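Presented below is the structure to which this report refers.
The values are calculated or read from the model by the stated rules, or taken from the named source; none is laboratory data. This one's a predicted model, so the numbers in the text were calculated from it and none came from an experiment. Positions of Cβ are generated from backbone atoms using ideal geometry, with glycine treated the same way; all protein chains shown enter the neighbour counts.
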Amino acid sequence: MPWDNALSAAKARIAAVVVAAGQGLRAGQPLPKQFAAWRGKPVVRHSVEALLAAGVSPVIVAIPEGAEELARAALRGLDDVRLTVGGGTRQQSVRFGLEALVADDPAAVLIHDAARPLLPAAVIARLTHALATHEAAIPVLPVVDSLAHAEADGQMGPPARREALRRVQTPQAFRFAAILAAHRDWDGAPDAGDDAQVAQAAGIAVALVEGDEALHKLTFASDFAPAAAPMRVGTGFDVHRLADGEELWLCGVRIEHSQGLAGHSDADVAIHALVDALLGAIGAGDIGQHFPPSDPQWRGASSDRFLAYAGRLVAEAGYGLGNADVTIICEAPRIGPHRAAMRARLAEILGVDSAAISVKATTSERLGFTGRGEGIAAQAAVCLIRN
């Protein structure tokens, strides 16, 4: 049967070797980086799951000696995954992985670095398609930066032609028999940079297919730093009772009314809800933690101080306000006549355009404490954007 027909007719005969036998010392993790958590999973699990989802099996994972327990925990629950202990070099680890596949007799094999966790299905498809007409194929990306040779004295040498250069990624795809023979013939000195070099040394032509920027290799501690979310959302809710002899402050605006809101500060229920929304969005607790009612210094304090403080914390966390939406729940007073002033005041305190602030009101249809005129409630929602 022609190669391309055999490959398409027996997709399950495409196997994989995932190289996870290094120590990953530069990544600054308390365990080898391939077993460290990254985006909620061990690094090695990401690409193994992607290979299995693409119909590639079995998957042989080459691991460091003594790391069986770590590896089994990282790959728990995945079918058709087997472990083999790697060698002292990458080539030895790949060789051991290939030898572990001999009894399976796959038509082709993908050889992948565990440190490249994001493995797009489209890259796997391009590689296996290329094997229909080539013995080997690797994913590559163009070089976009200018290049220069470095001289021994630390000076810039002549420029290099980036048009002729490519960045090489994994997985790399090979017809199994060809790459197994190439590794068996490899003399081991010097160590090859990747399996394509082993194949090329054996006279195997290597085709180039389009790679993907997602196949970034995790190398340094910064690669494991928590990624700051581009957007964060928070909500807040507060209630204060109405009482005689109190001033009524809502959204930083004093409103003439027969009663005011009672509380330790000026009891601006709308600002308090907004402060909680901002603090919640950055995971900084709630207003009571920062301004405890048991602290006498906040007795009668203007709530605009609380809001300005929350705004500073948001900025220090690296975010800016995308928009804020405040809803005041009461039977009286009417909020409509004060809405523009409320929006302007909140925007002034937070240092944003009033277009980013929404203030609206509703009633509770005379139900509950707000319906009986016993108090006022407010809720707020905010969207923060990464600066």
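Would you check if D266 is within 19 Å of G375 (Cα to Cα) and of a type in the set (D, E)? Criteria met by D266.
Would you point out the residue of the range 134-151, among those that are modelled with pLDDT of 95 or more and assigned to a loop (DSSP other than H, G, I, E, B), that is nearest to A199 (Cα to Cα)? Applying the filter and picking the extreme gives E135. Within the range 160-167, does at least one residue satisfy the condition of being crowded, with 23+ Cβ neighbours inside 10 Å and aliphatic (A, V, I, L, M)? Within the range 160-167, none of the residues are crowded, with 23+ Cβ neighbours inside 10 Å and aliphatic (A, V, I, L, M).
Remark: A381 matches the filter, which requires a residue to be in contact with a Ser or Thr (Cβ under 6 Å, 6 or more places away or on another chain) and either at pLDDT 95 or above or within 19 Å of D238 (Cα to Cα) (or both). Quick check on my filter: what residues within the range 349-374 are assigned to a helix (DSSP H, G or I) and either free of Cβ contacts under 8 Å to residues at least 24 places away in the same chain or crowded, with 16+ Cβ neighbours inside 10 Å (or both)? I349, L350, S354, A355, A356, G368, T370 - these are the residues of the range 349-374 that are assigned to a helix (DSSP H, G or I) and either free of Cβ contacts under 8 Å to residues at least 24 places away in the same chain or crowded, with 16+ Cβ neighbours inside 10 Å (or both).
For the range 78-96, a residue qualifies if it is closer than 22 Å to V198 by Cα and not in a loop (DSSP other than H, G, I, E, B), and the qualifying residues are T84, V85, R90, Q91, Q92, S93, V94, R95, F96. Restricting attention to the range 152-175, which residues are outside any loop (DSSP other than H, G, I, E, B) and either outside the structural domain of A199 (by TED's automatic domain parsing) or among the basic types (K, R) (or both)? Result: R162, R166, R167, R175. Would you check if R116 is under 28 Å from I204 (Cα atoms), touching a residue at least 40 places away in the same chain (Cβ under 8 Å), basic (K, R) and in the same structural domain as T170 (by TED's automatic domain parsing)? Here the answer is yes, as R116 does meet what is asked. Of the residues contained in the range 115-125, one or more are found to be closer than 18 Å to H216 by Cα and of a type in the set (K, R). Residues in the range 40-53 that are under 19 Å from the mean Cα position of the chain (by Cα) and either outside any helix (DSSP H, G or I) or surrounded by fewer than 17 Cβ atoms within 10 Å (Cβ to Cβ) (or both): 3 in all. Residues in the range 305-342 that are under 15 Å from A273 (Cβ atoms) and more than 33 Å from the chain's Cα centre (by Cα): how many? Here the count works out to 5.
Let's see how each residue does on (1) crowded, with 20+ Cβ neighbours inside 10 Å; (2) under 19 Å from A196 (Cβ atoms):
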position	(1), (2)
G55	no, no
A67	yes, no
L98	yes, yes
A103	no, no
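Only residues that are at pLDDT 90 or above and buried (at least 17 other Cβ atoms within 10 Å of the Cβ) were counted in the range 179-196, giving 7.
Summed over the range 58-108, the residues that are among the acidic types (D, E) and on the phi > 0 side of the Ramachandran plot give a count of 2. The residues of the range 79-96 that are in contact with an Asp or Glu (Cβ under 7 Å, 6 or more places away or on another chain), over 17 Å from P171 (Cβ atoms) and either at pLDDT 95 or above or surrounded by 22 or more Cβ atoms within 10 Å (Cβ to Cβ) (or both), listed by number, are L83, V85. E49 passes every criterion in (1) at pLDDT 95 or above; (2) within 16 Å of V19 (Cβ to Cβ) apart from (2).
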